[in-house]
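Shown next, in structure tokens, is the structure this report addresses.
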Amino acid sequence: MNLEKYSQIKDWCDNNNATLIAVSKTKPAADILVLYNEGQRDFGENYVQELVEKEIDLPKDIRWHFIGHLQSNKVKYIAPFVHLIHGVDSEKLLKEINKQGEKLNKKIDCLLQVHIAAEETKFGFDEMEIAKIDTSNYPFAVVKGFMGMASNTEDKNKIMQEFNSLHLIDEQFKIAHPEATILSMGMSGDYEMAVKAGSNMVRIGSLIFGRR
Ligand SMILES: *Cc1c(COP(=O)(O)O)cnc(C)c1O
């Protein structure tokens, strides 16, 4: 854990109008509490079981961001308390989130994950698929914007191109969906570029918590 680095990044994010999500996956609740005591409230987790256990142990005013790949059959475990689901990568998942939200009478905020990287393995929609989604079908799964991950490459031009492509999709979508105000792009290795390309929410793990 690097508290000095955390303060630097937090200041940088504040100065650049970006929300900092501290990505705490695989790290113990004690580490989360240290940052909590520094004032951090937004934390990101990737695994349902791990998140559910941490939520029980930790303060209730933490805003939990689910940033991993979410299986439809597990939505019900996080629906009651999750603040924002970043990785909505299929309409099936959106439908299930809507269903669980309706049961709880709670609007659940979501981001659509868009496939911007060249790699085959990354989950997400492409631009054409986004255009086909009718968000009015899902009143309890509120699409607040987009999440994307750039390719894992040294090629900065390529990374910028990928971030810019999602920024464009976001700008387009916002015309008809003014509630979509969040663009979640940028991790430890590329968050400065992401914010330059229009991101207003970054998800940072290893720079703050150390290697996993
Ligand atoms: C793990 C993870 C992060 C954080 O990655 P770091 O490189 O450790 O900052 C961000 N976003 C997603 C979706 C992740 O799975």
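The values are calculated or read from the model by the stated rules, or taken from the named source; none is laboratory data. Keep in mind it's a predicted model, so treat the numbers as computed, not measured. With ideal geometry, Cβ positions are generated from the backbone for all residues, glycine too; neighbour counts draw on all protein chains shown. Only protein heavy atoms, including side chains, enter the accessible area calculation; ligands, DNA and RNA are left aside. Shrake-Rupley method; radii C 1.70, N 1.55, O 1.52, S 1.80 Å.
Observations, loosely collected:
- Taking N200, N152, N46 in turn, the Gaussian network model of the chain (Cα-Cα springs below 10 Å) assigns the largest fluctuation to N152.
- Per residue, the chain exposes an accessible area of 50 Å² to a 1.4 Å probe, with every protein chain left in place.
- Exposed loop sites are taken as GluC sites (Glu not before Pro) in a DSSP loop (any state but H, G, I, E or B) with at most 15 other beta carbon atoms within 10 Å; the longest stretch of the chain without one runs 39-118.
- Only one residue of I108, N17, P28 has its Cα farthest out toward the positive end of the dipole of the range 1-111, where Lys and Arg carry +1 and Asp and Glu -1 on Cβ, and that residue is I108.
- Test item: Cα-centred dipole of the range 167-206, Lys/Arg +1 and Asp/Glu -1 on Cβ, debye: 40
- Taking Cα centre as origin and charging only the Cβ of basic (Lys, Arg, +1) and acidic (Asp, Glu, -1) residues, the dipole magnitude of the chain rounds to 520 debye.
- The charge dipole of the range 67-108, taken about the Cα centre with unit charges on the Cβ atoms of Lys, Arg (+1) and Asp, Glu (-1), comes to about 180 debye, rounded to the nearest 20.
- Centre-to-centre, using Cα atoms only, the range 141-155 and the range 81-130 are separated by 12 Å.
- Simple rule: put +1 on each Lys or Arg Cβ and -1 on each Asp or Glu Cβ in the chain, find the dipole, and look at P178, A118, V48; the Cα lying farthest toward the positive end is V48.
- Top of N16, N98, N164 by mean-square fluctuation, Gaussian network on the chain, Cα under 10 Å: N16
- The shape of the chain comes out oblate: with a ≥ b ≥ c from the C-alpha gyration tensor, a/c is at least 1.5 while a/b does not beat b/c.
- Listed residues Y77, H65, L168: farthest to the positive end of the dipole of the range 19-174 (Cβ charges): Y77
- Within the range 1-73, the trypsin sites (Lys or Arg not before Pro) that combine a DSSP coil assignment with at most 16 other C-beta atoms in a 10 angstrom radius are R41, K60.
- Within the shell defined by Cβ-Cβ distances under 14 Å, the residues around V143 carry a net charge of -2, with Lys and Arg each +1 and Asp and Glu each -1.
- Potential lengthening between H69 and N152 on full extension [0.36 nm per residue; Cα-Cα distance subtracted]: 28.1 nm
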